[in-house]
Amino acid sequence: MKAPIYPPPRSILVVCIRLIGDVILSTPLVGLLKAAYPDTEVDYLVNRGTGEFLEKDPRIRRVLYTRNREARKPVGNPESGYFRKIFRQYDMAITLNASDRGNLAVLIAGRRTRIGFYQELGVLRTGWRKLFLTHPLPFPAMMHVARICQLVAEAVAIPVPRLVAKIYWDREDEGKIEEYLRRERIAGSFFVVHPFARWGYKYWVADRFAKVSDEIAVRYGIRPVWTSSPDQEEVRLLRETSSLCRIRPALCAGEFTLDQITFLLSRAALYVGLDTAVSHLAATTGISMVVLFGPTIAERWSPWNNNGPVEQQCPRPRGTQRAGRMILIQKDWDCVPCGKAGCDGKGGESRCLTEIQVPEVLDAVRELMEVRPDTAGGCAE
């Protein structure tokens, strides 16, 4: 049995120096920490361009930024000096992955309790973590990323009744989305299509998105809304791909923040998208959703079902599966999931994704919209 931390920490730094999806899936930890230590101040350290949405979270005091080394293009001004800002400033510091940067930040920031992860990579790369972290934890290779929050909490004897990923927005965000819906003359039900992902090997076939959008609009009498990031190439593709639709969708060409997009998703009747951060945002709202996966390991990266059990895992290593109000479509091939960047390993086409056909997606939509509109719990075949 792990011993609880006493006295309770007055300040905690959560370090999540990864991508947007990782940051979204780290938010269950905030809820656990605030439930255990309601008077504790919680700060975050994230890559610039990955965690600005956290600034609307009332549970978080401050968001600190470091340079995003994985960004396709520089985001904002280069960040410097965050070590100085965090040095010995926190009673507890936590990193949610096994990177050197995250663990080093924890060692610098944490006065009393330092929680980090390691992989067995030899004495030089692993030994210093085991020596200087107060709670060194082995990093799990095959566990859903959201459950890393569970491992951290249990390491300091915090109960984990549920893991809830949550994104906040404010009245200003609501006003901007409501104004957009009025401008587009959307007064009734609508659905959201996000046909893009960070990497090209996660893309589906453009004209199939158009066919799916048209069929949903006709069958259920709801308006299509298509979204993209502010990336200029995505905006160009958004306009190009949506022009293939017979029923013109309203377009959100990257003009909204992630907090605002989350509010938009919370108002929608359905979401259809790919293996991307927006799908994780959609899952936090509990919306009915269909997501298309290719080579990605769904066991680790599927959108998190807030109403499912903590130990939720997809029961099969591949193939189409359901978790609550989400259906994840993936080919049931022996080579899936390979975890590679396309079949060539260089970012090219992923046949396991491009071979998904329109009827497969429409069948999943029908199940959510007509057959079983709401199912709680873990994944099911």
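Remarks
- Across the chain, Cα-Cα pairs more than 26 Å apart make up 53 percent of the total.
- Relative contact order, whole percent, for the chain stands at 14, derived from Cα pairs under 8 Å and 6 or more residues apart.
- Computed 3J(HN,Hα) for region 271-280, one whole-Hz value per residue from the Karplus formula 6.51 cos²θ - 1.76 cosθ + 1.60 where θ = phi - 60°, is 10, 10, x, 10, 7, 7, 4, 5, 5, 5, glycine and proline marked x.
- The accessible surface of region 185-327, taken with every protein chain in place and a 1.4 Å probe, is 50 percent carbon and sulfur.
- Mean-position separation - Cα centroids, region 102-150 and region 261-317, in angstrom: 27
- Placing a label point 7 Å from the Cα of LEU121 along the Cα-to-Cβ direction, the residues of region 320-347 whose backbone N falls under 20 Å from that point are 339-341.
- Between the amide H of LEU270 and those of VAL192, distances stay under 5 Å, these residues lying 5 or more places away or on another chain, with hydrogens modeled in the peptide plane.
- Karplus 3J(HN,Hα) series, Hz, for region 243-253 with 6.51 cos²θ - 1.76 cosθ + 1.60 (x for Gly, Pro): 5, 7, 6, 6, 9, 4, x, 6, 10, 10, 8
- Amide H within-cut-off set for ARG10, under 5 Å, with H built and near neighbours excluded: ASP91
- All-pairs alpha carbon distance profile, region 274-367, 10 Å steps from 0, percent: 16, 51, 29, 4
- A straight chain from LEU244 to MET142 at 0.36 nm per residue would run longer than the Cα-Cα distance by 32.8 nm.
- Ranked order, GLU179, GLU120 - accessible area, probe 1.4 Å, largest first: GLU120, GLU179
- Each residue of region 82-91 is assigned a 3J(HN,Hα), and the resulting list reads 5, 4, 5, 5, 9, 4, 6, 9, 10, 5 Hz, derived from the Karplus form 6.51 cos²θ - 1.76 cosθ + 1.60 (θ = phi - 60°), x at Gly and Pro.
- Put simply, when 91-98, 143-150, 28-35 are sorted by average Cβ atoms within 10 angstrom per residue, most first, you get 91-98, 143-150, 28-35.
- In region 1-31, trypsin sites (Lys or Arg not before Pro) in a DSSP loop with at most 11 other beta-carbon atoms within 10 Å: LYS2
- For the chain: accessible area per residue (Å², 1.4 Å): 44
- All-pairs alpha carbon distance profile, region 158-293, 10 Å steps from 0, percent: 12, 44, 34, 8, 2, 0
The values are calculated or read from the model by the stated rules, or taken from the named source; none is laboratory data. Worth saying up front: this structure is predicted, and the values here are computed from it rather than measured. Cβ atoms come from the backbone with ideal geometry, glycine included; neighbour counts cover every protein chain shown. Just so you know, the surface numbers come from the protein's heavy atoms only, side chains and all, with ligands and any DNA or RNA stripped out. Shrake-Rupley method; radii C 1.70, N 1.55, O 1.52, S 1.80 Å.
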